[in-house]
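The structure appears right after this line, and notes come after that.
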Amino acid sequence: MHWRARDGKAGEGLGGRKTIMALWKARSLSPEQKVQLVEEDSETKSFRSDESGSFIGLGDVSMSEVHSGALSVPASFLMELFSGGELDRMFMEKSGCINYSYTPWVSENSGVYERAVYYKFEKRISRYRVEVTSTQQKSTLEGKGWLLQEVMNFHGVPLGDFFNLHIRYQIEDLTPKAKTCKVQVLFGTEWLKSTKHQKRITKNILKNLQERLKLTFSLVEKEFLSK
């Protein structure tokens, strides 16, 4: 059973490294066509590159801290942001992301899981018709929390094909019994083409990312307190 790209309901079966690499390399395809590549291949098993054998896009990208602090929720609840469940969908929609769809989390190595994600930004978030395709990888932090890494590709924004955005979340419970966690978020820009607008683009990315993280973490805390 395949996942359905438009309603975001995950099913079973992914795969083919060539298909996932095509999702990133076939720049001429629309975002919908890229997502369809994943949907149509029932044998996909991994988001790993045939050439390097490692998670797509991870490398020597310089990362800078964009957020660090404590949240009044357990690490397990904050990870609902990436669960593929109803809370995941709700947080995405309330933070301005629509047409949200995703593949199921799959794992080739113990404790390491990967998935692909697609969504659009609402007009209130961006004046452009921004569409995002990304790959996410999550792994445990010695039983104390999670490390989630994401590589995002943007469509419909000026110079969107010049760069990929890398984001790294480190989420850990502060104490075993306390319902609080520490979250650190790093970001970096992988430049695929050279442009004189790099500084301005990076500045805009930083500002938008900080605003989005602030809104999203606030939504998570409010939802947890309401339960």
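Being crowded, with 20+ Cβ neighbours inside 10 Å, among the small types (Gly, Ala, Ser) and touching a Gly at 6+ places or on another chain (Cβ under 6 Å) is a property that does not hold for Ser134. Within region 153-203, the residues that satisfy the criterion of being in a helix (DSSP H, G or I) and of a type in the set (S, T, N, Q) are Gln198, Thr202.
Restricting region 146-171 to residues that are more than 17 Å from the chain's Cα centre (by Cα) and buried (at least 16 other Cβ atoms within 10 Å of the Cβ) leaves a set whose member that is modelled with the highest pLDDT is Phe162. State which residue is modelled with the lowest pLDDT when the search covers only region 112-145 and only residues that are farther than 27 Å from Leu159 by Cβ and not in a strand (DSSP E or B). My answer is Gly143. Filtering Lys193, Lys207 for residues that are at pLDDT below 95, surrounded by fewer than 13 Cβ atoms within 10 Å (Cβ to Cβ) and in contact with a helix residue (DSSP H, G or I) (Cβ under 9 Å, 6 or more places away or on another chain) leaves a single hit, Lys193.
Each residue in region 66-111 was checked for being in a helix (DSSP H, G or I) and either buried (at least 18 other Cβ atoms within 10 Å of the Cβ) or not basic (Lys, Arg) (or both), and 16 pass. Counting the residues of region 131-159 that are aliphatic (A, V, I, L, M) and closer than 18 Å to Leu174 by Cα gives 3.
The values are calculated or read from the model by the stated rules, or taken from the named source; none is laboratory data. Everything numeric here is computed off the predicted structure, so don't read it as measured data. Here Cβ is always computed from backbone atoms with ideal geometry, including for glycine, and neighbour counts include all displayed protein chains.
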